[in-house]
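The values are calculated or read from the model by the stated rules, or taken from the named source; none is laboratory data. It should be emphasised that the depicted structure is a prediction, and the values quoted were computed from it without experimental measurement. Using ideal geometry, Cβ is built from the backbone for each residue, glycine included, and neighbour counts are taken over all protein chains shown.
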Amino acid sequence: MSSGGNAMNTTKTVHAWERMGWVWSVIFYLSLFLPWAYWLAQGTATPAERWTASVLVLIGGLSHWVFAFELPRRGVASRSRLWYGIVYAGVITGVTFGLIAIHDIFFFVLSGYFSQLAYFLPTSLSVPISLLSIPLLAMQANEIDSLGAALRQPVVWIWLLVGVCGSLVALWISAIIQQGHQQHELIDELRRTQAELAASERSAGVLAERQRLAREIHDTLAQGFISVVTHLEAADQALESDLSSARSHIGQATATARESLGQARRVVQDLRPEVLEGSSLAEAIQREAAKWSQRTGVAAAVTTTGTALPLPAEAEVTLLRAVQESLANVHRHAGASRVSVTLSYMPDRVLLDVQDDGRGFKPDGRSQSDGSGFGLTAMRQRAEALAGAVYIESSPGEGTTIVVEIPRHNP
């Protein structure tokens, strides 16, 4: 049988009882046709008996084909359309009792009959019908005419006991099948949930990558362009009064533009910052501070404390970008005369302090219409992605301190 009965209405999972449904079809056809063929071969039946039995066997065989194969092929299952199962059960019950009434050899049909009831009907119907059929069959087999007489015959009670035991087994198997079906549904639901979670993670990964690229672009191209614009504006102001200074600013702008171009190519290639290749984080910060001091004329001192140990690449990039962003903000906003950068290696974390003696500000009320707000946001995002944090301490007239904290064993 390709569907029906205990084959629950599912399209995603083919259960074992569905795959083995053809076995019950084979048993039913054998129990129907073998006794009929053997009985005809004996030649003891009257023409009327042969004709009646043949018609009943044909009805039973065709009914099984329609309900077990043809209707499921058209998308109809007996349990999803309960009345189909009831109609089929009524047909094969009439066929079975009619054949047994013709000759006792057709009791052999019972070996397929009860399995059909269990397969095509819910247990709440198949078990009562089976238990009701058993005493009627026992009365017919023992030629008992009344129910009262049947109840006084021990053989009828034996038949009933066998029926009860068979029904209990059927109930037990049905419960196992139902539990198996529920487990399959849970597995299907888990697979759907896993697929949705994977899609959500992919979407989150895409968003995180976009944010990372935005940070990279800001930390490289945006800062480079700001520096180029600053030098070009200074050169424009010095063209008429100080040609040497103007040339110096133009040279600085050219060098910065070339450096930004190289960094842009590296962002596209998704490589580590060039300044970190072949050198330690402390050395890279020292070089960045030196170049910044040369461009701005503001003294920048770099100090490293603790035992310097290698950090994950993303942690080093985060700390280096924090230095670049902090120095850029000092140049744009602080009006400082001195900056100190301290890189501290501790047993459980690494701290970066960038302190200036500039004009300071109120951290909660600072205008960030120039885009520096995104730089601080990007700095925080980088640190938080590594289970770290960014702290800003400042007040008007007292300078600013930016602290970036990164755990040594970040997740």
Members of the range 332-352 found to be more than 46 Å from the chain's Cα centre (by Cα), under 17 Å from Val302 (Cβ atoms) and touching a residue at least 60 places away in the same chain (Cβ under 8 Å), listed by number: Ala336
Test: residue in the range 265-278 that is at pLDDT 80 or above and surrounded by fewer than 18 Cβ atoms within 10 Å (Cβ to Cβ): no
Positions within the range 352-411 being at pLDDT 80 or above, among the hydrophobic types (A, V, I, L, M, F, W, C) and either surrounded by fewer than 15 Cβ atoms within 10 Å (Cβ to Cβ) or not in a strand (DSSP E or B) (or both), in sequence order: Met379, Ala383, Ala385, Leu386, Ala387, Ala389
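Let's see how each residue does on (1) modelled with pLDDT of 75 or more; (2) not assigned by TED's automatic domain parsing to the domain that holds Ser25:
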| residue | (1), (2) |
| --- | --- |
| Ala141 | no, no |
| Ile177 | no, no |
| Ile187 | yes, no |
| Gly205 | no, yes |
| Val228 | yes, yes |
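Residue by residue, here is whether (1) touching a helix residue (DSSP H, G or I) at 6+ places or on another chain (Cβ under 8 Å); (2) buried (at least 22 other Cβ atoms within 10 Å of the Cβ) holds:
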{"residue": "Ile105", "(1), (2)": "yes, no"}
{"residue": "Phe108", "(1), (2)": "yes, no"}
{"residue": "Tyr119", "(1), (2)": "yes, yes"}
{"residue": "Ser124", "(1), (2)": "no, no"}
{"residue": "Leu131", "(1), (2)": "yes, no"}
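When only residues in the range 293-307 that are surrounded by 15 or more Cβ atoms within 10 Å (Cβ to Cβ) and either part of a loop (DSSP other than H, G, I, E, B) or at pLDDT 85 or above (or both) count, which is nearest to the chain's Cα centre (by Cα)?
Here the residue is Thr304.
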Residues of the range 29-52 that turn out to be surrounded by 15 or more Cβ atoms within 10 Å (Cβ to Cβ) and either touching a strand residue (DSSP E or B) at 6+ places or on another chain (Cβ under 9 Å) or modelled with pLDDT under 85 (or both), as a count: 1
